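Just below is one structure, and these are the notes that go with it.
Computed from the coordinates by the stated procedures, all read-outs in this text should not be read as laboratory data. Here the structure is a predicted model, which means the values were calculated and not measured. When we count neighbours, we look across all protein chains shown, and the Cβ atoms used for this are built from the backbone with ideal geometry, even at glycine.
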Amino acid sequence: MYKLCIVGLGNPDQKYNYTRHNIGKDWLKDISIIYDVDFSTKSKFEAKIGESHSSSILWVIPSNYVNNSGNTISKIIKSTNLKASNFLILHDDLDLKIGDVRLKESGGHGGHNGLRDIIEKIGSDEFNRLRIGIGHPGSKYEVTNWVLNKFTPEEKKQLKISYSQFCNVFDQIALLEINEVQKILHTD
């Protein structure tokens with residue numbers, strides 16, 4: 001029986017790998033190696049699925065585009081014992097500067113189309129989010145290009161530090177120690 005489902009948002013095509021919009025998926029793939037997660041394609045979920053922690057954690061990489069992420073989440077909810085509150089969605093966040101990482105329990109979509117789609121398709125915003133800062137281009141008209149671009153070498157250095165912080169608290173995340181993780185991640 002699963003106690004946690006971790007989902008990394010990102011677009012499926014290789015050209016999107018390591019773009020700002022794919023940071024949730026990229027971080028999930030990277031940390032899954034540490035936990036020896038073996039993924040297999042499950043077309044009924046529109047995702048690659050793996051397990052860890054004695055099958056108590058379900059790892060999910062949706063194979064659909066970010067803006068259709070709700071398809072995968074709703075199918076998993078219908079097929080498992082998981083509720084919205086058992087999910088942790090890793091995603092990019094324009095409102096946070098590069099390298100800022102925040103763990104948030106429930107809430108709105110904040111303008112993120114992937115989160116909007118999840119909320120619409122599962123009828124709940126009660127899931128947890130790991131918000132990974134990708135910065136903002138400064139103009140709303142530049143956002144589409146911004147999220148589909150790759151990080152600069154300087155930004156990659158900052159994100160490497162942030163990713164390391166995420167790895168350091170992952171075991172607490174796996175135990176759903178949300179408040180403790182927030183205290184660590186949200187202290188600059």
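Points to keep in mind about this one:
- When restricted to residues that are in a helix (DSSP H, G or I) and among the β-branched types (Val, Ile, Thr), the stretch 95-121 contains 2.
- Looking across the stretch 142-155 at every residue that is assigned to a helix (DSSP H, G or I) and surrounded by 14 or more Cβ atoms within 10 Å (Cβ to Cβ), the one that is nearest to the chain's Cα centre (by Cα) is identified as Val147.
- Across the stretch 23-62, the qualifying residues are those that are of a type in the set (Ser, Thr, Tyr) and crowded, with 18+ Cβ neighbours inside 10 Å, and the one among them that is farthest from His91 (Cα to Cα) is Ser52.
- Search result, residues across the stretch 169-180 that are surrounded by 12 or more Cβ atoms within 10 Å (Cβ to Cβ) and not in a loop (DSSP other than H, G, I, E, B): Val169, Phe170, Asp171, Gln172, Ile173, Ala174, Ile178, Glu180
- Scanning the stretch 121-141 for residues that are surrounded by 15 or more Cβ atoms within 10 Å (Cβ to Cβ) and at positive phi yields a single hit, Gly135.
- Among the residues of the stretch 63-78, those identified as under 14 Å from the mean Cα position of the chain (by Cα) and buried (at least 23 other Cβ atoms within 10 Å of the Cβ) are Val66, Ser69, Thr72, Ile73.
- Here Tyr16 meets the list (1) surrounded by fewer than 19 Cβ atoms within 10 Å (Cβ to Cβ); (2) touching a residue at least 12 places away in the same chain (Cβ under 8 Å) almost entirely, failing just condition (1).
- When residues of the stretch 156-165 are limited to those that are crowded, with 16+ Cβ neighbours inside 10 Å and out of contact with any strand residue (DSSP E or B) (no Cβ under 6 Å at 6 or more places or on another chain), the one nearest to Asn86 (Cα to Cα): Tyr163
- Within the option set Gly107, Gly111, Gly123, Gly138, being of a type in the set (Gly, Ala, Ser), under 20 Å from Ile6 (Cα atoms), free of Cβ contacts under 8 Å to residues at least 40 places away in the same chain and out of contact with any strand residue (DSSP E or B) (no Cβ under 8 Å at 6 or more places or on another chain) holds for one residue only, Gly123.
- Test: residue in the stretch 76-92 that is over 18 Å from Lys25 (Cα atoms) and among the acidic types (Asp, Glu): no
- Under the condition of being touching a Cys at 6+ places or on another chain (Cβ under 8 Å), part of a loop (DSSP other than H, G, I, E, B) and under 22 Å from Ile23 (Cβ atoms), the residues counted in the stretch 55-94 number 0.
- Test set (1) loosely packed, with under 14 Cβ neighbours inside 10 Å; (2) closer than 18 Å to Ala47 by Cβ; (3) in contact with an Asp or Glu (Cβ under 9 Å, 6 or more places away or on another chain) - Asn81 fails condition number: (3)
- Pairs where the first residue, in the stretch 71-88, is closer than 16 Å to Leu9 by Cα and the second is part of a helix (DSSP H, G or I) and not β-branched (Val, Ile, Thr), C-beta under 6 Å, 6+ apart: Thr72/Phe45; Ser74/Lys121; Lys75/Phe45; Ile76/Phe45
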